[in-house]
Amino acid sequence: MGFKFDLLKVDTDTEARRGKIKTAHGEINTPIFMPVGTQATVKAMTPDELKEIQTEIILANTYHLYLRPGHDLIKKAGGLHQFMNWDKPILTDSGGFQVFSLSDLREIKEEGVYFQSHIDGSRHFISPEKSIEIQNALGSDIVMAFDECPPEPNNYNYVKKSLERTIRWAERSKEAMDNNKQSLFGIIQGGVFRDLREKSIQKMVEINFPGYAIGGLSVGEAKKDMLKTLDYTARQMPSDKPRYLMGVGTPQDLIEGVMRGIDMFDCVMPTRIARHGSIYTSEGRITIRNATYKDDFKAPDPNCNCQVCQNYSRAYIRHLLKRKEILGIRLTTYHNLYFFINLMQRIRDSIDNNNFLSFREKFYQRYL
């Protein structure tokens, strides 16, 4: 029933890695992309459809599920897996990112964070202990320690103070864990400051978690700064444990992250842009609801084998989106998630076959 990570292979020319994570609800092949199911659902997708596109793990949101419908209700239902009819692994975030994004609606204290609900203005409090209590009730396979995610730009002194608090909260999160069917990951913070990132890694490794996440990237910093930070951070993380880059996930981000040794990714982008009429294709991102596709009867992506691309045209999907038909969003979402899941499978194959750099080059030649 426990957690196990096996590092199976490392690319000969880069830091790219192949691995396998074992959890109580099944195995996860890494590197992996996790669709985001904020409200105990991946928007517009059924669990059967997620399995159809070979989804191995999804992410659910502690903050939102705490507010609605409440973790006690989900526990009463038998846990999140039972509640949403998903029998594969689930990762829950700590709620920290959402709480800290409330800005004027929250107050940070050493004991935790006092905040107002974005829904009705009601007052709430989440501490490391409360976050773990909520995640224990949800019954996810992978639980995240409660942390502070300072936005960019920010000054060194504030990020240093924030990091020191995050380290103390990580210790409290670990002490609060009492479910041996769940595994707690620590989160590395420190903004774009190298010495703070290195201190965070050192302290998190001392606390000793079964996996480690990189938080606080893609929160406003320049892309070059994100990649530079990722370069030295990932390289110093333990090689025998999973490395998770939180909330970062364009196709380019996935490829560049894998090249730097990242094993796990999540992002709302594929589902979010789908709801606004855009899709990812092998030749780049397109906005399929634009007028240019009004009489375009080609598949959304002629190089894609998903059910959407095998059965529907750009013109038809544009028609559905313009008429605000629910099916339009379902089709764009299905395709985008397939694109990401399939991209990760192809990346894993390239690492297995010792041609990751060649795959990366060919992907960019077409995609960019």
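Against the condition of a type outside the set (A, V, I, L, M) and open to solvent by 30 Å² or more (accessible area, probe 1.4 Å), how does D225 come out, does it pass? Yes, satisfied.
Selection of the range 78-109 for residues being in contact with a helix residue (DSSP H, G or I) (Cβ under 7 Å, 6 or more places away or on another chain) and open to solvent by 40 Å² or more (accessible area, probe 1.4 Å) yields F83, N85, D87, R106. Restricting G220, G284, G277, G261 to residues that are modelled with pLDDT of 95 or more, surrounded by fewer than 15 Cβ atoms within 10 Å (Cβ to Cβ) and on the phi > 0 side of the Ramachandran plot narrows the list to G284. When R314 is tested against the conditions (1) free of Cβ contacts under 8 Å to residues at least 12 places away in the same chain; (2) open to solvent by less than 60 Å² (accessible area, probe 1.4 Å), the lone failure is (1).
Just for the range 129-154: of the residues that are part of a loop (DSSP other than H, G, I, E, B) and in contact with a His (Cβ under 8 Å, 6 or more places away or on another chain), which one is nearest to M226 (Cα to Cα)? It would help to see each step written out before you state the result.
Let us first name the residues in the range 129-154 that are part of a loop (DSSP other than H, G, I, E, B), namely 139-141, 145-154.
Retained after the next criterion (residues that are in contact with a His (Cβ under 8 Å, 6 or more places away or on another chain)): 139, 141.
Working: G139: 32, D141: 28 Å.
Per the criteria, the residue is D141.
Applying a threshold of 8 Å to beta carbon distances and a minimum spacing of six or more residues, or different chains, the list of pairs starting in the range 185-214 at a residue that is open to solvent by 10 Å² or more (accessible area, probe 1.4 Å) and ending at one that is acidic (D, E) reads V192/E152; V192/E221; V192/D225; I207/E171. Every condition in (1) open to solvent by 20 Å² or more (accessible area, probe 1.4 Å); (2) assigned to a strand (DSSP E or B); (3) under 20 Å from A24 (Cα atoms) holds for Y114 except the one numbered (3). Taken as a whole, the condition of being part of a helix (DSSP H, G or I) and surrounded by fewer than 15 Cβ atoms within 10 Å (Cβ to Cβ) applies to N157.
The values are calculated or read from the model by the stated rules, or taken from the named source; none is laboratory data. Since this is a predicted model, take the numbers as computed values, not measurements. Note that each Cβ is placed from the backbone with ideal geometry, even for glycine, and that neighbours are counted across all protein chains shown. With ligands, DNA and RNA removed, areas are computed over all heavy atoms of the protein, side chains included. Shrake-Rupley method; radii C 1.70, N 1.55, O 1.52, S 1.80 Å.
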